[in-house]
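Colleague: The structure is given below, and queries will be raised subsequently.
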Amino acid sequence: MDHFPSRWGKPRSEAIDTYGTVPMPQTVPDQLAQSAYGPMTRTQNPLITGTSVLAFKYRDGIMMAADMLGSYGSLARFRDIKRLYPVGESTVVGASGDISDYQYIQHLLDSLMIKEHCADDGHVLGTPHIYEYLWRVMYNRRSKFNPLWNALVVGGLHKGERFLGYVDLRGTTYQSTTIATGFGAHLAQPILRRRVEGKEDELTEEEAVEIMNECLRVLFYRDARSLNKYQIAKITENGLHISEPYQLDTEWSFAESIRGYGGQR
């Protein structure tokens, strides 16, 4: 098979490379560069990605969490990536997926907040406004973002009401009591549904932290792209607070008893 990116899945032309050492497309004339036959595609695959973002409502506000790993493929390359970003005084945006796209979103949000501040008209962008803005950005530019970009989670308080919404690169949106992206949608979401939904008006902050840590611990055990280093964001009537990085206590002694899969022992 030809391993040149523009000809993946097509047979290699041995007329070009007799010994099969340098796979090249046959259609390129000798006098022209390959770039003349199409755009560069080096950025079509993500380089640095982040995994799950978890968020849910509790009695006093919104709680969000994400680990700090930036994965380079399967390599745990960066261990200090902050994926919870404060916007204004009562909104936090969390992101999973391609980090470069997330940095672009941060730039857009910074520009928007500076523009609103300079207008000085007494209007302040609340969490629903930021959510609607991100929805429009993602929908209008859905063909521009990396195809493996996952989602944004927007949480905050607006006029005393708790707001929690999801938006992905195709402009898909929904609002819910609990939200989990990435692998968390498979592993943490069932825990959140069992322990949070229907009880969000009763959970104290201590109980919310306990639930969040339980979900993060499960993700660390089972998600190969996660890291035992987290930040938690809390948005309450007193403002927003994003914690310093912290680690959870984990136990791996059970792995010593694992000897295989299925009928193996």
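Colleague: In whole angstrom, how far apart do the alpha carbon centroids of the stretch 139-184 and the stretch 61-137 sit?
Modeller: Measuring centre to centre over Cα atoms gives 11 Å.
Colleague: When ranked by the protection proxy of mean other Cβ atoms within 10 Å per residue, highest first, what sequence do the peptides 101-113, 226-238 form?
Modeller: Working: 101-113: 15.8, 226-238: 19.6.
Going by the mean number of other Cβ atoms within 10 Å, highest first, we get 226-238, 101-113.
Colleague: Could you work out how much longer the chain between Cys118 and Lys144 gets when fully extended? Use 0.36 nm per residue separation minus the Cα distance between them, nm to one decimal. Intermediate values should be presented prior to the final figure.
Modeller: Working: separation 26, 0.36 × 26 = 9.36 nm, distance 2.91 nm.
Gain in length upon complete extension: 6.4 nm.
Colleague: Working only with C-alpha atoms, what are the Rg and Dmax values of the stretch 48-242, expressed in angstrom?
Modeller: 15.9, 49
Colleague: Can you figure out the FRET efficiency of Glu161 with Ser111, using R₀ = 35 Å and their beta-carbon distance, to the nearest 0.05? It would help to have the intermediate numbers written out before the result.
Modeller: On the way: r = 27 Å, r/R0 = 0.76.
Calculated value: 0.85.
Colleague: Hey, another quick one. Counting only DSSP beta bridges with both residues in the stretch 48-242, what percent are antiparallel, rounded to the nearest 5? Walk me through the numbers before you get to the answer.
Modeller: Values: 48 of 48 bridges.
Antiparallel: roughly 100 percent of the beta bridges in the stretch 48-242.
Colleague: What spacing in nm lies between the two simple spin-label points modelled at Ala224 and Tyr104, each 7 Å away from Cα in the Cβ direction?
Modeller: Each label point lies 7 Å from its Cα, and together they span 2.8 nm.
Colleague: Within 10 Å, count the other beta carbons around each residue, average over each peptide in 152-159, 123-130, and list them highest first. Walk me through the numbers before you get to the answer.
Modeller: Numbers: 152-159: 23.4, 123-130: 18.1.
With the highest mean Cβ count within 10 Å placed first, the list reads 152-159, 123-130.
Colleague: When N is the residue count of the stretch 126-265, what does its C-alpha Rg come to as a fraction of 2.2 N^0.38 Å? Mind showing how you got there, number by number?
Modeller: On the way: Rg = 17.9 Å, N = 140, 2.2 N^0.38 = 14.4 Å.
In units of the globular-protein estimate, the stretch 126-265 measures up at 1.24.
Colleague: Then there is this: Considering only protein heavy atoms and a probe of 1.4 Å, how much of the accessible area of the stretch 48-242 is carbon and sulfur, as a whole percent? Provide the component values of the computation, followed by the final result.
Modeller: Numbers: 4370 of 9250 Å².
In the stretch 48-242, the share of accessible area belonging to carbon and sulfur is 47 percent.
Colleague: Given a Förster distance of 30 angstrom, what is the FRET efficiency for Glu251 paired with Glu207, based on the Cβ-Cβ distance and rounded to 0.05? Could you put the intermediate results ahead of the total?
Modeller: Numbers: r = 22 Å, r/R0 = 0.74.
It comes out at approximately 0.85.
Colleague: Over the residues of the stretch 157-213, compute the C-alpha Rg and express it relative to 2.2 N^0.38 Å. Don't jump to the answer; show the numbers that get you there.
Modeller: On the way: Rg = 12.5 Å, N = 57, 2.2 N^0.38 = 10.2 Å.
Its radius of gyration relative to the 2.2 N^0.38 Å reference: 1.22.
The values are calculated or read from the model by the stated rules, or taken from the named source; none is laboratory data. Note that the coordinates shown come from a computational prediction; the quantities given were computed from them, not determined experimentally. We place every Cβ from the backbone using ideal geometry, glycine too, and count neighbours over all the protein chains shown. Ligands, DNA and RNA are excluded from the accessible area calculation, which covers all protein heavy atoms including side chains. Shrake-Rupley method; radii C 1.70, N 1.55, O 1.52, S 1.80 Å.
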